[in-house]
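Chemist: The structure's right below; bear with me while I get my questions together.
Each value in this text was obtained by applying a stated rule to the coordinates, not by laboratory testing. Keep in mind that this is a model prediction, so the values were computed, not measured. We place every Cβ from the backbone using ideal geometry, glycine too, and count neighbours over all the protein chains shown.
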Amino acid sequence: MDISRIAVVGCGTMGGGIIQLAAQNGLEVVGVEASEPALDGARARILSGLESTAARGKITAEQAERARSAFTLTTDLGEITEADLVVEAVYEDVELKKRLLGEIDRLVGPGTLIASNTSTIPLVILAGATSRPEQVVGMHFFNPVPAMRLVEVIRTPVTERHCIDSVTGFAAALGKSPVLVNDVPGFVGNLLIVPYLLDAIRAYERGVADMESIDAVISLGFNHKMGPFRLCDLIGLDIVHDMAASMYEEYRDQRYFPPPLLKQYVRLGWLGRKTGRGFYTYDD
């Protein structure tokens, strides 16, 4: 299936990144948010992202300019009806995602594919909220979306092969490296990375070492690009918290229970690089 028009429902950190990526690759995109203030914030993030991507030389000034006119933002969910693919990208709340996917299912035509950018929730739960579970695929982008190459393409036992192939080809056309995974809570990436991040926070809480030292051990000793605290700040502490809480709900395994320090920082609004403060403080 040729995918040339997409819709993204939820234009936060992940949804805005998906919109930017699709627009700078020449696709027609409509983004849907719940309110005008949310739309204003999304527009500012997307335009800033295009500007910084061009400044780093990843796209030309002409590409950035074309991308600015390739996307539209609206509060009207009815604007998604002409899309070849609709990507749901709201935060990790099962009931919210189910409700939205049901509404999307009722609005779009029979040939439209539906994808969820869920990072931890079993896809089969979400697909079951639609009348076409065989046409629902997981597309787990990684943050920041324009920069990170990986997309986990998630299939349930009933996902049709042509849907998987279409979404995989679409991700590759965006310059990503799609990896096909089966439907388990957390999939591959978060199944493995979330306990690692939480263990680092707990080690800091116990006084094993300071944050800088823990980051240095992982970076220098294991040749990782960054340690767990800088990675949390890059992902977003709210996103790390929500992933952990969602996976704890599924597994009831204490490895996934969000540590108190992480909860406190999220409640303070210290969410990482995007807010200027997380575990570290960012001047720029």
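Chemist: Set the Förster distance to 41 Å, then compute FRET efficiency between Leu192 and Asp283 from the Cβ-Cβ distance, nearest 0.05.
Modeler: With R0 = 41 Å, the Cβ-Cβ based efficiency is 0.80.
Chemist: Along segment 99-110, what does the Karplus equation 6.51 cos²θ - 1.76 cosθ + 1.60 (θ = phi - 60°) give for ³J(HN,Hα), rounded to whole Hz, x for Gly and Pro?
Modeler: 4, 5, 5, x, 5, 4, 4, 6, 8, 8, x, x
Chemist: Same structure, new question: For segment 125-264, calculate the relative contact order in percent as a whole number, restricting contacts to Cα pairs under 8 Å that are 6 or more residues apart.
Modeler: For segment 125-264, the relative contact order is 18 percent.
Chemist: Summing -39500 (n - 2.57) over the DSSP H runs of n ≥ 4 in the chain and dividing by its residue number, what mean residue ellipticity at 222 nm do you reach, to the nearest 500 deg cm²/dmol?
Modeler: Computed ellipticity for the chain at 222 nm equals -14500 deg cm²/dmol.
Chemist: Set the Förster distance to 41 Å, then compute FRET efficiency between Lys225 and Ala34 from the Cβ-Cβ distance, nearest 0.05.
Modeler: Working from the Cβ atoms, E equals 0.70.
Chemist: Still on this model: On C-alpha positions alone, give me the angle between the axis of helix 13-24 and the longest principal axis of the chain, in degrees, nearest 10.
Modeler: For 13-24 against the chain, the angle is about 50 degrees.
Chemist: Something else now. Figure the gain on full extension for Ala55 and Glu205 (residue separation times 0.36 nm, minus the Cα-Cα span) and round it to one decimal in nm.
Modeler: That works out to 50.1 nm of additional length.
Chemist: Just to compare against my own numbers: the Cα pair-distance distribution for segment 170-239, 10 Å bins, whole % per bin, please.
Modeler: Here the calculated profile for segment 170-239 is 18, 40, 30, 11, 1.
Chemist: Something else now. Which aspartates and glutamates have a Cα lying under 17 Å from the Cα of Lys274, excluding residues fewer than 8 positions away in the same chain?
Modeler: Asp40, Glu51, Asp233, Asp238, Asp242, Asp283, Asp284
Chemist: Under the √(5λ) rule applied to the eigenvalues of the Cα gyration tensor, what semi-axes describe the equivalent ellipsoid of segment 1-140? Give them in Å, descending.
Modeler: So the equivalent ellipsoid measures 26, 15, 14 Å along its semi-axes.
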